[in-house]
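Visitor: Quick one: the structure is below, questions incoming.
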Amino acid sequence: MVKRSLILFFILNTLVFSFSKTDAKKVLTTKICIGCNLKGINLSSFNLSGADLRNSNLSYANLSSTNLINANLSGSNLWRANLSGTNLYGCNLVGANLTDTDMTGTNLRGSLYDDFSLQNIIIRN
């Protein structure tokens, strides 16, 4: 019984936090990945300034302390993402889903945002 539970746990965990390796490579090499599956990816402390990640799935992603200055995240799903300490200066967040996102210490100065979801976000200085 325990063995089955562990196997089920690993299968479900893989399904929930699985990102496309092709998409991950694309974002790291070109900084352009429109409509990509980056669910659960760890991009903590990466320099993604100017990245174009429009309409991408970044739910559960770890983007803590990432440089996203002037990035385009419009229409992206950032549900439950970790954006703590992230620099979003000048970032386009129009239509993005930021529900349940940790934005502790995040820089939002100069960001574009309109019609985006901010339910249950965590913001502390």
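Visitor: For Y60, state whether it is assigned to a loop (DSSP other than H, G, I, E, B) and on the phi < 0 side of the Ramachandran plot.
Guide: no
Visitor: Within the range 4-58, which residues are at pLDDT below 95, aromatic (F, W, Y) and closer than 15 Å to A71 by Cβ?
Guide: Listed by number, the list is empty, since nothing qualifies.
Visitor: A follow-up question, please. Can you tell me which residues in the range 73-86 are surrounded by fewer than 22 Cβ atoms within 10 Å (Cβ to Cβ) and over 9 Å from the mean Cα position of the chain (by Cα)?
Guide: S74, G75, S84, G85
The values are calculated or read from the model by the stated rules, or taken from the named source; none is laboratory data. In this text, all values refer to a predicted model and were calculated from it rather than measured experimentally. As a convention, Cβ positions derive from the backbone with ideal geometry for all residues, glycine included, and neighbour counts pool all protein chains shown.
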